[in-house]
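Right, one structure below, let's go through it.
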Amino acid sequence: MAAACTSRTRQMMGLLRILRNFSQNERLLSTSVLRHNVASDGPPKFTPPSKPVIIDKTQKEASLRRFLSPEFIPPRQRTNPVKFSIERKDMIQRRKVLNIPEFYAGSILAVTMTDPHVNGNMNRFIGICIQRSGKGLGATFILRNVVDGQGVEICYELYSPRMRKIEVLKLEKRLDDNLMYLRDALPEYSTFNFDMQPVHYEITGDVPVNLLKVKMRPKPWSKRWERPKFNIKGIHFDLCLTPEMMEHAQKWAEPWRPYDMLKEYDTSSLEEHIFKEVQENLRK
Amino acid sequence: MRLTLQALISHGRVGRRIGLGPESRINMLRNILTGLVRHERIETTRARADEVRFYAEKLLGYAKKGDTNEKSMKMADFWLTEKDLIPKLFKVLAVRFENQTGGCTRMARIPNRENLDRAAMAVLEYKGNPFPPLFPMKRVSELNLLNQLLKAYGEEKARMVSEKKDLRSLITVFVHFISCNKPVCAHSLRWKNHDKAF
């Protein structure tokens, strides 16, 4: 009993000392303020510390690369534009929390996602982005890599709440927008080391284009990539196809396609408008 | 053969299936469009007229961009099979519809074709053509007997209504005079009161 009393008094003395020193010891200021508040109203409100704002004064805004993520551009549909504006608001809100960098099909990304079946709850995957599809909040991208001789493709949703980090290890473009032909290419073109270090890239100027022409496995392929419908420039056709086969593939060329006004979708004015909106809201 | 639902369901698809296939469709529409640019008023089936309408307006849009625009020239070269119509497109039609954004064509439906197929027909024209109008303008003349009688009736009715109003105001003055039972001078009678009486 006496020991409890003495310990109690010791605690009180300690508290008194702390309280006396609170004006000098600013680290305890917050706790004392909180304790002061407990008496007045309910549980203390957590005010997060202000995030550091990095203003890069070395580059002028005009020289920075203008990039609008393709999922912001609404498709040509008979839906109310209100739906797209609401979706854009949600997308911008998510982007304020998670940094989604600029990347293209052909860039190498490392994605960290939460996974309940893993010990540390996080799951990291590195791969080359072969396709970016989907508009709005359901926008996805597919990463491809070859793990232990087995080709693996994972389709990630950009705005999924499970996404923790998206890092661009190497930012570059390829000759096509869609690199699905890597499935039929030699595996060396899809293997990337999991310990790869990020490569420095410029934020001004044009994105570097990799003019690599990929060598393919022998036919049959999953799709007939030589047909003009796919319009692929990144395959080395001379090594795998004869000129007769190339000519035969040209039978499926539709020469009226570029003149068909029904299939045109001019998004330049839309893009500018949306780009300004997104920049404004992200800065807020 | 891949039997997908995509091939069977056509929700939201644009562009009708005309002719033997996509190439045949474009060729047919090209011929009709060339005829339209040459004659400015043509008669075809309803489906073809509807398809050509879209392409006609888009072609005008390209023509408005100007002669020097490479893409416009390529488009005109592709769509007009008779090459003597290309200057007509750029110099006559584009100038005519300079200030209009849309609505440069008009489609009117016609009784079915007399053949065995009884196809639904339509007439497609560029507005501002020299021919007599498709839909006759309805002009209402005031010098008809019926219109004159109606006008007179209207005037008489208005006169009756104004007479009734004067009578009413007279009655209110009279009623007021009787109730007050004293000589009423003109200026004390406020015209506002005659509403309150009734």
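Here are a few things to note about the model shown:
- For segment A:91-127, a tally of residues being farther than 20 Å from A:Leu68 by Cα and part of a strand (DSSP E or B) returns 11.
- Filtered residue count, segment A:149-159, keeping only those that are assigned to a loop (DSSP other than H, G, I, E, B) and either surrounded by 15 or more Cβ atoms within 10 Å (Cβ to Cβ) or in contact with a strand residue (DSSP E or B) (Cβ under 8 Å, 6 or more places away or on another chain) (or both): 2
- Residue in segment B:10-29 that is of a type outside the set (Val, Ile, Thr), surrounded by 19 or more Cβ atoms within 10 Å (Cβ to Cβ) and within 14 Å of chain A (Cβ to nearest Cβ) present: yes
- Here B:Ala47 does not qualify as within 23 Å of A:Arg257 (Cβ to Cβ), within 13 Å of another protein chain (Cβ to nearest Cβ) and surrounded by 13 or more Cβ atoms within 10 Å (Cβ to Cβ).
- Residue count for segment A:112-134 satisfying the condition of being over 22 Å from A:Leu171 (Cα atoms) and not polar (S, T, N, Q): 6.
- Restricting segment A:230-264 to residues that are of a type in the set (Phe, Trp, Tyr) and more than 14 Å from chain B (Cβ to nearest Cβ) leaves a set whose member that is farthest from B:Met75 (Cα to Cα) is A:Phe237.
- Only a single criterion out of (1) surrounded by fewer than 17 Cβ atoms within 10 Å (Cβ to Cβ); (2) aliphatic (A, V, I, L, M); (3) in contact with a Ser or Thr (Cβ under 8 Å, 6 or more places away or on another chain) is not satisfied by B:Val95, namely (3).
- Meets criteria (over 21 Å from A:Thr191 (Cα atoms), within 34 Å of the chain's Cα centre (by Cα) and within 14 Å of chain B (Cβ to nearest Cβ)) for A:Arg227: no
- So B:Glu98, is it more than 14 Å from every other protein chain (Cβ to nearest Cβ), farther than 21 Å from A:Tyr259 by Cβ and without any contact (Cβ under 8 Å) to a residue 40 or more places away in the chain: yes
- Only one entry of B:Leu89, B:Leu60 meets the criterion of being closer than 29 Å to A:Pro255 by Cα, hydrophobic (A, V, I, L, M, F, W, C) and within 14 Å of chain A (Cβ to nearest Cβ), and that entry is B:Leu60.
- Residues in segment A:43-83 that are in a helix (DSSP H, G or I) and modelled with pLDDT of 90 or more: A:Pro70, A:Glu71, A:Phe72, A:Pro81, A:Val82, A:Lys83.
- Candidates in segment A:71-129 are the residues that are surrounded by fewer than 19 Cβ atoms within 10 Å (Cβ to Cβ) and basic (Lys, Arg); of these, the one that is farthest from A:Gln279 (Cα to Cα) is A:Arg124.
- Out of A:Glu226, A:Glu157, sole residue that is touching a residue at least 12 places away in the same chain (Cβ under 8 Å) and in contact with a Gly (Cβ under 9 Å, 6 or more places away or on another chain): A:Glu157
- For the criterion of being over 28 Å from A:Lys51 (Cβ atoms) and acidic (Asp, Glu), A:Asp115 fails.
- Residues in segment B:122-140 that are in contact with a helix residue (DSSP H, G or I) (Cβ under 7 Å, 6 or more places away or on another chain) and assigned to a loop (DSSP other than H, G, I, E, B): B:Gly128 only.
- Which listed residue, of B:Gly35, B:Gly66, is buried (at least 19 other Cβ atoms within 10 Å of the Cβ) and either touching a strand residue (DSSP E or B) at 6+ places or on another chain (Cβ under 6 Å) or away from chain A (no Cβ under 13 Å) (or both): B:Gly35
The values are calculated or read from the model by the stated rules, or taken from the named source; none is laboratory data. As the structure is a computational prediction, the values presented were derived from the model and not from experiment. Here the Cβ is made from the backbone with ideal geometry for all residues, glycine too, and neighbour counts use every protein chain on show.
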